[in-house]
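The values are calculated or read from the model by the stated rules, or taken from the named source; none is laboratory data. A quick note: this is a predicted structure, and the numbers were derived from the prediction, not measured. Virtual Cβ from ideal backbone geometry, glycine too; neighbours counted across all protein chains shown.
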Ligand code: T3D
């Protein structure tokens, strides 16, 4: 088990805390692998009746760990986006397909794939200090980890396209206004609020919850698995562009990116 996340199971409620606070819980390969394994394990564990996903420190998650893929660009190469996304797909599919309701307790900023995980959860409760950015376009990538499906379902197509094209950072209150989150609470009440709801779910009809999740997804969905594949193909293509490489280098050098359009 990795120390990039913390797993606790008590009274039917599993709490998964993304635990790399020094880099805003950026999703390292180790963290993503741990998240996928933990979620798949929880989905199989009948003692788990509800799940809370949250972040340690001041962030929920800043998305893909850009520092870790830095070396992949040397000698004109690029990261193996499809391999990276395969692990994310295991994690996000587990959230989607498990019976237990999954609550995102969004304690701080959620960016890129971090925001995708928020969108994939069944319920989203945000601290008033939380912020959200799709972030992908800022570094020349496309939305992934299911966001092209989940975000438009939550906020509508028009707003989703705007958020994805601009990568603008929005506040918790703005997120509430557009339907991105279910509720905003004072930061110091977030964990209790999520725990109370999770306790309610943990005492509920877990099997029926699973069927409700299945039905609600079927009611609005195209084929989610096909979408994950399409995302991986396009991310692989976007990840080969000069703009993406330049933007990652600029982020790591704490410089604004300059896009050539290629
Ligand atoms: O395989 C693939 O790559 C495909 C999958 C892609 C999925 C994705 O998620 S792509 C999107 C990746 N995420 C981003 O581009 C977001 C980058 N981060 C930011 O834009 C900002 O950090 C935030 C808006 C999230 C928060 O801003 P702020 O001002 O509150 O914090 P900060 O000062 O920028 O960050 C604090 C530290 O965390 C800083 O390190 P330092 O200077 O204290 O040593 C920063 O470098 C680090 N950090 C933040 N985000 C990441 C990160 N380190 C690695 N990876 C990150 N994503």
ask   = If you scan segment 206-229, which residues turn out to be within 16 Å of the ligand (Cβ to nearest atom) and in contact (Cβ under 8 Å) with a residue 12 or more places away in the chain?
value = 227, 228
request  = Having 1 or more residues that are under 19 Å from residue 25 (Cβ atoms) and either at pLDDT 95 or above or in contact with a strand residue (DSSP E or B) (Cβ under 7 Å, 6 or more places away or on another chain) (or both) is the bar; report the helices (runs of 4 or more DSSP H) wholly within segment 103-188 that clear it.
outcome  = 113-120, 147-155, 172-178
request  = Output the residue which, of all residues in segment 111-134 that are more than 20 Å from residue 91 (Cα to Cα) and within 9 Å of the ligand (Cβ to nearest atom), is nearest to the chain's Cα centre (by Cα).
outcome  = 133
note = The one condition residue 195 fails out of (1) touching a strand residue (DSSP E or B) at 6+ places or on another chain (Cβ under 9 Å); (2) crowded, with 18+ Cβ neighbours inside 10 Å; (3) under 26 Å from residue 224 (Cβ atoms) is (3)
request  = Could you pull out the residue among 42, 59 that is modelled with pLDDT of 95 or more, within 16 Å of the ligand (Cβ to nearest atom) and crowded, with 16+ Cβ neighbours inside 10 Å?
outcome  = 59
